[in-house]
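For reference, the structure discussed in these notes is given below.
The values are calculated or read from the model by the stated rules, or taken from the named source; none is laboratory data. All of these numbers come straight from a predicted model, not from anything done at the bench. No Cβ is skipped: glycine too gets one built from the backbone with ideal geometry, and neighbour counts run over all protein chains shown.
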Amino acid sequence: MSPLVLKMKLESYPIVKDLVLLGGGHSHAIALRLFGMNPLLGIRLTLITEASDTPYSGMLPGHVAGFYSREECHIDLRPLCQFAGAQLYVDSAIGLDLESNRVLCASRPPVRFDVLSLDIGSTPKKPAVLGDLNAIIPAKPVKKFLENWDQLVKNVVQNPETPICLGIVGGGDGGVELALNMQHRLQEVLKAAHQPSDRLTIHLFQREASLLPRHNRWVRSHFHQLLTQRGIQLHLGEEVCEVQPHYLRCKSGLAMNCDYIIWVTQASAPDWLSKAGLEVDPQGFVRVDDTLRSCSHPQVFAAGDIATMVNHPRPKAGVFAVRQGKPLFHNLRQALQGKPLKPYHPQKHYLSLIGTGDGSAVASRGPLGWHSPLLWRWKDRIDRAFMERFKKLPEMEGTGTPVPRSPLTPHPSPSMRCAGCGAKVGSTVLERVLQRIRQTAFPAPLREDILLGLNAPDDAAVVQIPAGMVMLQTIDYFPALLDDPFVFGQIAANHALSDLFAMGAQPQSALAIATLPYASPAIVEETLYQLLSGALKILHEVNAELIGGHTTEGKDLVFGLACHGLAEPDRLLRKGGMKPGQVLILTKAIGTGVLFAANQLQKAKGNWIDGAIESMVQSNQKAALCLLDHQATACTDITGFGVAGHLAEMIRASKDIAVNLNLNAVPLLNGALEAAQLGVTSSLYPQNLHAIEFIENVVEGAAYPQFPLLFDPQTSGGLLATVPEAMGDRGLAALRSLGYSHSAIIGHTLPRSNSTKPIMLV
C-alpha cells in the first residue's frame, strides 16, 4: 500500500482509543519513529513533553565542550510527531488521575488516555535539607541546565579576566564527564581572550571514596589520574550538606566558595508518580515487569530512567532507554489491540564510552578499559548515526491493523456518515463537556448583560446592549493548523476577537462553531473539551462569555467563533482613518503562513513553530488599548491577506494617502525568511500577490529576500495602525513594555501623488 493511500485510510478511520506518550525521552523518540513506519488504525497518538525538542544524552557532554551545536544534539520532536501522526502537546505533567485515566498538566486541561507510557527521565537527587536550592545548577532537566550553561559561558566571554570557580557535586559518570568537558570549553574561551588557563578553577566533590563507583578499578584509577593531571581538584569522601549562593559546605566541615555549583548526583523521580498510586521503588521510579508495563496499573507503561525493571534492575543509563524503544513500541501496539505482550530482557553488560573533553574517550565494559582518540571518533560516528535516524525519516511501510471492537460499544462505520442534523455531535457528549468545563476552570458566568447563555441554554442566546453603545459582530472559522486542540482553540479565539480589537471594541460574547473528527463518543468529548477550554481561556481573559454554538462531525478539526463586541460610537477605529504625517506601527512579527506551510512539508524546525504559536496565542487586546491611548486614527488586524493586502485595504479606505513602507523594518518570525528562501509559500499566497498593483517599485522590492513575506497570510496576526508621528516612539515603547516585543514602526504616511502607486518600498 502506498504512503498516500495509507494516509487517506488512516484519516478516514474513526478514532477509538487514545495512546498518550508522556515525556520525550529516547524510548519514546524511537517508538514515535516506529509508529510513523507502522501506523495503527483507530488510534490517536499524543506526545506530552516540556519542550518541542529533546536532548540526546550521548552528545550532551560534547555539546558542553563545544564539539556539537544545540541542533546537532537535540531531536526535533515536531517533525517526528508529524511523521508519526501524533499530536504534540508542549506542557509539563504535574500528576496522574489513574481512576479517570487522565494526565494532569501545568498549563492545560487534563488529557485523557486509554494507554499511557512514561519516559520522563530523572533529575539529580537533592538532600532534604540543603539550604538555598536556587544556588545550584542541576544537570537535569537538560533544557534548564543548558540555559544556565550558555549564560555561564557568556559571562566568561564577556569577563575573561575575572577568575571563575566551579564546584561540581557528584563523581559518577555524569559529574566526571561534565567536569572535563566544561573545563575544555571554558579554557578555549580564556585562550581566545588571551587569558591564562589558571583563571579557571574546578572542584569535584564525591560522597564515596572513589570516582565512578560503577566501573572497574582501571577506569576509576585512570580518571582519578586524568582529572588530577588536568588540575581539577578532587574532594573524595566528601558529602555536601549545605549550599548557599556561591558557597557550599560538606559534612566534614570542608567549606568552599564557588561562583557556580553544578549538581550531578544520584538520579531521582518526581513524587507525583507515587502520589498517583503507581507502584514505585524506594527511589520513586515506576516498577515495571518484563513487558515494561506497570506492576500496579496495566494501562500504564514506563521506559528509560523513570522505570525500574523489577526482574532486571539496571543503572540509569541512556543505552538502556535506547534499547527499550523497540520493545516498548511493540508492547504498546499489542496492548491497544488486546494481544499478548512480549517480554524484554536487557543485556547484563554494556559498553560505556566516556568523553574526556579533548577529542578522546575512555571505553569501559566489565573488567576492561581503554583510552584513545579512536574511541572518540567511534563514539562520534555512533552518535551521529543515531541522530540521523530522526533527521531523515523513512516512508511509511506498514498498513496497520484496526483496533478490535466489542459489539456492545459500536462505533460509526468510516464508510457512511450522516449529513444534515445527523452530523451533529450527540447531546450527551455536549452536556458532559459543558459540565466538565463548569466544574473546572470556568465555573460561572462572567457578565450581567448575558441574559441567556450556557448557564440556561435555550433555542437562542439573549444579550443586552447598554444604552449609548453599539454592537460589533464578526466571525472566523478555519481548519486546525496544528494538532493540539487546546492551543488551536486559543489561536482561533484570538484570531476572531482581533477584528473587534482592531475597531476599538471590547468583546462581550461569542458563539462557537466546531467540526470534530469522526471518533468514538469518548474521543469526541475529549477533543471538544480541549478545544472549548482553549477558546474559553482566551474569552475569559478578555472578559467575554461563550453563550452557545453548534457542533458537527467531519473529516478534520475545524473551529471558529462568531464574536460580539461593544463600543462607544465616537471611539470606533476604522481602516479608513489614515492621515498624512503619521507612522505605521505593526504590533507582531509576520510569517505564520509560510511557517505552517513549511511544517506541512516537514521543512520547518520545531523552534520555528514554537515561536509562531507563542505569537498567535498572544491577544491583541492590550495592543489595541495602547494604540487608542496614543491617538491611533486607523487600524486593522493582519490576517489572511497579509501585510500588503491589509495595508492596501487601509489605503483604499482612506483618501489621498500614500505610504513609504520600510521593508527592512517589518518584523519576521524566527524561521520565516529561511522557509521563504526554500521556496515555500502558503496556498493563499498567489491570490495575495494581487496587492502588488498597489506597489510603485515592485522590481526593486522583489530583490529583497523578505519581499514575498509581505503577501504571507497570517493567522492571529498583529495589529497595523497609524498614530501621529509625535506619538510613534512613545507608543512603540509602550507596546514593547506590554509584551509585544516585535512591535515596530514600519512606515510613514504622506499625501498621495496621482502619478504614482500608493505604496513605495524604502
Original post:
(1) in a strand (DSSP E or B); (2) closer than 26 Å to ASP18 by Cβ; (3) in contact (Cβ under 8 Å) with a residue 40 or more places away in the chain: which one isn't true of ILE262, the others all being true?
Top reply: (2)
Original post:
How many residues does segment 154-172 contain that are crowded, with 17+ Cβ neighbours inside 10 Å and closer than 17 Å to ILE261 by Cα?
Top reply: 10
**OP:** Take the residues in segment 493-517 that are small (Gly, Ala, Ser) and not in a strand (DSSP E or B), then tell me which one is surrounded by the fewest Cβ atoms within 10 Å (Cβ to Cβ).
**Re:** GLY504
Original post:
Among GLU147, GLU177, GLU161, which is the only one that is in a loop (DSSP other than H, G, I, E, B) and charged (D, E, K, R)?
Top reply: GLU161
Subject >> Those strands (runs of 3 or more DSSP E) lying entirely in segment 10-105 with at least 2 residues in the same structural domain as ARG293 (by TED's automatic domain parsing) and under 28 Å from HIS297 (Cβ atoms) >> reply: 17-22, 43-49, 86-90, 93-97, 102-105
**OP:** Test ASP610 against the criterion of being closer than 22 Å to ALA480 by Cα, touching a residue at least 24 places away in the same chain (Cβ under 8 Å) and buried (at least 22 other Cβ atoms within 10 Å of the Cβ), and give yes or no.
**Re:** no
Original post:
Going by the conditions given, is LEU735 assigned to a helix (DSSP H, G or I), surrounded by 19 or more Cβ atoms within 10 Å (Cβ to Cβ), in contact with a helix residue (DSSP H, G or I) (Cβ under 7 Å, 6 or more places away or on another chain) and among the aliphatic types (A, V, I, L, M)?
Top reply: yes
Original post:
Taking the stated definitions as given, is ALA665 at pLDDT 95 or above, assigned by TED's automatic domain parsing to the domain that holds TYR740, under 31 Å from the mean Cα position of the chain (by Cα) and under 21 Å from PRO580 (Cβ atoms)?
Top reply: yes
**OP:** Just give me the residues in segment 203-243 being surrounded by fewer than 20 Cβ atoms within 10 Å (Cβ to Cβ), modelled with pLDDT under 95 and over 23 Å from SER364 (Cβ atoms), in sequence order.
**Re:** GLU239, CYS241, GLU242
**OP:** Please go through segment 743-755 and pick out each residue that is farther than 15 Å from ALA624 by Cα and either of a type outside the set (S, T, N, Q) or within 33 Å of the chain's Cα centre (by Cα) (or both).
**Re:** ILE745, ILE746, GLY747, HIS748, LEU750, PRO751, ARG752
**OP:** Please verify whether segment 619-629 includes one or more residues that are assigned by TED's automatic domain parsing to the domain that holds PHE707, within 23 Å of PRO485 (Cα to Cα) and not in a loop (DSSP other than H, G, I, E, B).
**Re:** yes
Original post:
Given the conditions (1) outside any strand (DSSP E or B); (2) touching a helix residue (DSSP H, G or I) at 6+ places or on another chain (Cβ under 7 Å); (3) of a type in the set (A, V, I, L, M, F, W, C), and given that VAL243 satisfies all but one, which numbered condition is not satisfied?
Top reply: (1)
Subject >> Test: residue in segment 13-32 that is hydroxyl-bearing (Ser, Thr, Tyr), touching a residue at least 60 places away in the same chain (Cβ under 8 Å) and more than 20 Å from ILE120 (Cα to Cα) >> reply: yes
Original post:
ALA562 fails exactly one of the following numbered conditions: (1) in a strand (DSSP E or B); (2) over 30 Å from ILE15 (Cβ atoms); (3) not aromatic (Phe, Trp, Tyr). What is the number of that condition?
Top reply: (2)
